[in-house]
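Report on the structure given below.
Every number in this text was worked out from the coordinates using simple rules, so none of it is lab data. Small disclaimer: the values here were computed from a predicted structure and weren't measured. Note: ideal-geometry Cβ built from the backbone for every residue, glycine included; neighbour counts use all protein chains shown.
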Amino acid sequence: MLRALFYKEWIKLRWPIGILALLGFASLIQAGLGLRYLAAMKESADLWEGLILKQQMPYAGHLVFPVVCGLVLGAAQWFPETRKRSLRLLLHLPLSEKILIPVVVGTGLLFVCLLAGLHGLGLIFIYSLRFPQEIVTGILWAWFPHMLAAMALYCGAAMVLMETSWWRRIMGACLVYFFFKMLSAGGQPASYGQSIWIYALVTMSLVIMLFLPVMRAKRGGGL
């Protein structure tokens, strides 16, 4: 049954995953070409100074990709499940919601992390060909908050679609939006170095909050 459920989620997400994979590949090509252009236009010493001492991030635009993955996959996975209050149909499957929802949510987050992780590794690899470990580490510190933001936006999209009460939708959307702004507000790669674990715990709490609309749908009231 779990294998069939995973396959069902894959059927829903395969086209968005394919499109996002192509976008990620295009982003990496653009990053490589952009880095090559910078290396040709600037002296090596100036380029290294900007990246190491001034904490400039020419790769910042490519860090949006994880966020796009979280939002798109969250909407693509949960919109078919919540049309015309069809979340209750999902809950009628012969599985407890304590197993069903973690499998569905876990599948969506797995693909978010897989796409964003491969893109992040590709970005790190491109910069590691020209720069030392300090810069590569900076990219990792800059990437990780965006990975958490991607997970948060996935949960936000799922929460908004699962809820049928407009005031709960607005409150959930505002909560996720402000958390996303906090994660994306850092201007330097190591801005979250001392507190990233706190943000990770908050992100995990957003995943747990997805059980609230499920419990209300299971009861058939309070929606």
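For the reader, a short list of remarks on this structure follows.
- Once the Cβ-Cβ distance of I170 and I19 is raised to the sixth power relative to R0 = 22 Å, the FRET efficiency obtained is 0.15.
- Ordering of 153-162, 103-112 by burial proxy (mean other Cβ atoms within 10 Å per residue, highest first): 153-162, 103-112
- Positive contributions from Lys and Arg (+1) and negative ones from Asp and Glu (-1), summed over other residues with Cβ under 14 Å from the Cβ of F111, come out at +2.
- Note that region 153-163 has calculated 3J(HN,Hα) couplings of 5, 4, 5, x, 4, 5, 5, 4, 6, 6, 6 Hz, one per residue in order, obtained from phi through the Karplus relation 6.51 cos²θ - 1.76 cosθ + 1.60 (θ = phi - 60°); glycine and proline are x.
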